[in-house]
Amino acid sequence: MDRFAGKVAVVTGGAHGIGRATALRLGAEGAAVVVADVDLPAAEEVVGELGASAMAVAGDVTSRESVEAAIAAAVERFGRLDVLAHVAGHNLANREAVEPGDGQWVRQYDFTFVGAVRCIEAALPHLVESGAGAVVLVGSISGVVALGTNPYAAAKAGLISLVSNLAAEHGPTGVRFNVVAPATIATRAFDNRPEALEELKAIYPLRRVGRPEDVAAAVAFLASEDAGWITGITLPVEGGLTTGPGHLIG
Ligand SMILES: NC(=O)c1ccc[n+]([C@@H]2O[C@H](COP(=O)([O-])OP(=O)(O)OC[C@H]3O[C@@H](n4cnc5c(N)ncnc54)[C@H](O)[C@@H]3O)[C@@H](O)[C@H]2O)c1
């Protein structure tokens, strides 16, 4: 497939996991890919895998200046911007000791929700200029159903409203805005606890957890002209998790 030939994509969080798989997928389909990440050495490794039409930039989605500089660097290098795949993120509570009370909520909201807004605001003028730009945000199924991961879940839920409102507001420009909402994906957060992934398989009708490539394929679809009349939606990528407990009962 060559769905992104001549197009330029920025992938935030493209150095690892779902973002890395997304960068590789978009590159394999012809895009020039800008891998924007706080982990610049790892982003450079992904660029090495991608080949010539790729660039790594340091980009921290918690900083407006950093995000604006990353988008500007992408446009300066490749002359245009067609796709923003905003993947950067994680549940702060899983990675570090977070302060209780307001601080935890404010930091997660800033990282997950305002981080997405920063990326969109920096990219939007260029996406409008390209004529058929696309924004795909990686949300989470925990923003759709309760899985016990607040405040991460609430911040991810905000992305659903964000894309539907932006889709309505900016539809006339031709830019599309969508979310993919993954359930358990085997990324580095599970590296030290493979047994957790093994146990989680049972709750999925498809009897496996997801792979980064499962999400990358959905991001690529929504970013492509194959989804040219799809905007403002949230696409669950969740192995049937939200169909109900029938597979456990039967
Ligand atoms: N893995 C899962 O089970 C799962 C499930 C649902 C949703 N998600 C979402 O998918 C996305 C990717 O998750 P993953 O599992 O691939 O995680 P990961 O940790 O493997 O990759 C996340 C990437 O984001 C980068 N990053 C972290 N903070 C950043 C910042 N401030 N600015 C820019 N980049 C930053 C990291 O360096 C890394 O490259 C996240 O938004 C996560 O919330 C993951």
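The values are calculated or read from the model by the stated rules, or taken from the named source; none is laboratory data. Here the structure is a predicted model, which is why all the values come from computation and not from measurement. Cβ atoms come from the backbone with ideal geometry, glycine included; neighbour counts cover every protein chain shown. Surface areas here come from the heavy atoms of the whole protein model, side chains and all, with no ligands, DNA or RNA. Shrake-Rupley method; radii C 1.70, N 1.55, O 1.52, S 1.80 Å.
If we scan segment 112-125, do we find a residue that is among the aromatic types (Phe, Trp, Tyr), open to solvent by 30 Å² or more (accessible area, probe 1.4 Å) and within 13 Å of the ligand (Cβ to nearest atom)?
yes
If a residue must be under 13 Å from Gly239 (Cα atoms), touching an Asp or Glu at 6+ places or on another chain (Cβ under 9 Å) and assigned to a helix (DSSP H, G or I), how many such residues does segment 165-220 contain?
0
Taking Arg193 and the conditions (1) surrounded by 18 or more Cβ atoms within 10 Å (Cβ to Cβ); (2) more than 18 Å from the chain's Cα centre (by Cα), which numbered condition does it fall short on, given that it satisfies the others?
(1)
Of all residues in segment 77-104, which are in a helix (DSSP H, G or I), away from the ligand (no atom under 12 Å from the Cβ) and open to solvent by less than 40 Å² (accessible area, probe 1.4 Å)?
Gly103
Scan segment 80-107 and report the pairs whose first residue is among the acidic types (Asp, Glu) and whose second residue is open to solvent by 80 Å² or more (accessible area, probe 1.4 Å), with Cβ atoms within less than 9 Å and a gap of 6+ or a chain change.
Qualifying pairs under 9 Å: Glu99/Arg107.
Suppose we filter Leu159, Leu147 for residues that are more than 9 Å from the ligand (Cβ to nearest atom), open to solvent by less than 40 Å² (accessible area, probe 1.4 Å) and more than 26 Å from Val47 (Cβ to Cβ); which single one remains?
The conditions single out Leu159.
Right, Ala154: out of contact with any Gly (no Cβ under 6 Å at 6 or more places or on another chain), farther than 19 Å from Leu127 by Cβ and in a helix (DSSP H, G or I) or not?
Yes; evaluated as a whole, the condition is true for this residue.
Does Ala186 qualify as being touching a Pro at 6+ places or on another chain (Cβ under 6 Å), near the ligand (Cβ under 9 Å from one of its atoms) and in contact (Cβ under 8 Å) with a residue 24 or more places away in the chain?
When the stated conditions are applied, Ala186 does not pass them.
Scanning for something assigned to a loop (DSSP other than H, G, I, E, B), within 22 Å of Ala218 (Cα to Cα) and modelled with pLDDT of 95 or more, does segment 123-137 turn up at least one residue?
yes
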